[in-house]
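Visitor: This is the structure I want to talk about, given as structure tokens.
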């Protein structure tokens, strides 16, 4: 283990939390003009990129609770961005597919998202950004390995 102080380790958590909050707030502002939330855009993009998915796959991949995703899905379905289809392999499960309306809104919102991230990335040299990406990937793997055991109710 590296010789790091508790303060240094806490600073990593501090910056990660604040970066996430700021990006979330900035994206909420930028996407509100298109009538989507950041979470809705992420869900639509995930469904689009996989050609369809289930609620269980979304919860596992996005690491969000089923109740959070159910609300997002309900609003996206209400607004005509997704439709539910029975899964031929298991009629108890439904697959989520995006509509043409969703494809059009994703073209706009993904451009907004990518432009914002490109602006942030422009503050880095290529080598710095590559090192940042590698460090974040390593941190993500460490977080996954150190995940606390949970009981059946999902509590710690």
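Visitor: If I ask for residues that are touching a helix residue (DSSP H, G or I) at 6+ places or on another chain (Cβ under 6 Å) and within 16 Å of residue 97 (Cα to Cα), which ones from the stretch 60-75 would you list?
Guide: 69, 72
Visitor: A further question follows. Only one of (1) closer than 26 Å to residue 94 by Cβ; (2) under 15 Å from the mean Cα position of the chain (by Cα) fails for residue 35. Which number is that?
Guide: Only one criterion is unmet by residue 35, namely (2).
Visitor: Would you pick out the residues in the stretch 76-107 that are part of a loop (DSSP other than H, G, I, E, B) and either closer than 15 Å to residue 47 by Cα or touching a helix residue (DSSP H, G or I) at 6+ places or on another chain (Cβ under 7 Å) (or both)?
Guide: 80, 81, 99
Visitor: Sticking with this structure for a sec: Just checking, how many residues over the stretch 116-131 are over 20 Å from residue 26 (Cα atoms) and part of a helix (DSSP H, G or I)?
Guide: Total satisfying the criteria: 6.
Every number in this text was worked out from the coordinates using simple rules, so none of it is lab data. Predicted, not measured: the structure shown is a model, and the values here were computed from it. No Cβ is skipped: glycine too gets one built from the backbone with ideal geometry, and neighbour counts run over all protein chains shown.
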